[in-house]
Amino acid sequence: MSVEPVHHHDTTEGESGRAAGQIDTPEAQAKFDKAYAELLQEVRVAQTGVQFLLGFLMTLAFSPRFPEISTAQAYQYVFTLVMAFAAATLLTAPAPFHRVVFRHGLKHRLLSLSHGFALGGLVLLMLSMSSALLLTVAVVLGPNQSALIAAVIFSGMAWLWFGLPMWQRLRHGRLSKRR
């Protein structure tokens, strides 16, 4: 994700007596608006993936071959379904959070928490996608092949979604710097 959370300490006050982190200048407002719009656009992309996955998972239980899966596969299916629902919950959390805190002076918290919701949702989406792949390939090819394929896909997703961006931050000396 390209959006950095805005970290502020709610209990400290600046020299002017206002709480640190208030968005009270046009520049701060523009910066917040841009960061929040970027975050929401990124979340929309992830939501499409999780909605597709949930649709697939919800219909899977009603397919003719579903009763043929093993008990272990049934538990894996439930795990996958729960992870996908948890991902959907976290990825949609910024919208209701915004509605509840709207016009209550909590924009800085909105962006910071929404950033965490998005990252958590992406981790759960990655887990649920990998688990769904593991289950599907196990039914088609068997457990050994499915474990190898799912491990490769999971590793690729983890690298592209989290490893590569963190490596770029480290490489360019921006792991702890905020812009």
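Scanning region 107-124 for residues that are small (Gly, Ala, Ser) and either over 10 Å from Leu90 (Cα atoms) or touching a Ser or Thr at 6+ places or on another chain (Cβ under 6 Å) (or both) turns up just one, Ser112. When Gly173 is tested against (1) touching a residue at least 60 places away in the same chain (Cβ under 8 Å); (2) outside any helix (DSSP H, G or I); (3) among the small types (Gly, Ala, Ser), just one condition goes unmet, and that condition is (1).
All conditions in (1) within 30 Å of Leu60 (Cα to Cα); (2) in contact with a helix residue (DSSP H, G or I) (Cβ under 8 Å, 6 or more places away or on another chain) hold for His108, with the sole exception of (1).
Look at region 93-104: where a residue is within 12 Å of Val43 (Cβ to Cβ) and in contact (Cβ under 8 Å) with a residue 40 or more places away in the chain and a partner is of a type in the set (Ser, Thr, Tyr) and surrounded by 16 or more Cβ atoms within 10 Å (Cβ to Cβ), sitting 6+ places away or on another chain with Cβ atoms under 8 Å, you get Pro94/Ser114. Filter region 63-111 down to the residues that are aromatic (Phe, Trp, Tyr) and not in a loop (DSSP other than H, G, I, E, B), then identify the one that is surrounded by the fewest Cβ atoms within 10 Å (Cβ to Cβ). Filtering region 63-111 for residues that are aromatic (Phe, Trp, Tyr) and not in a loop (DSSP other than H, G, I, E, B), the one surrounded by the fewest Cβ atoms within 10 Å (Cβ to Cβ) comes out as Tyr75.
Laboratory data are not the source of any read-out in this text; all were calculated from the coordinates shown. Being a predicted model, the structure only gives us computed values, none of them experimental. A quick note on method: Cβ atoms are made from the backbone with ideal geometry, for glycine too, and the neighbour counts reach across all protein chains shown.
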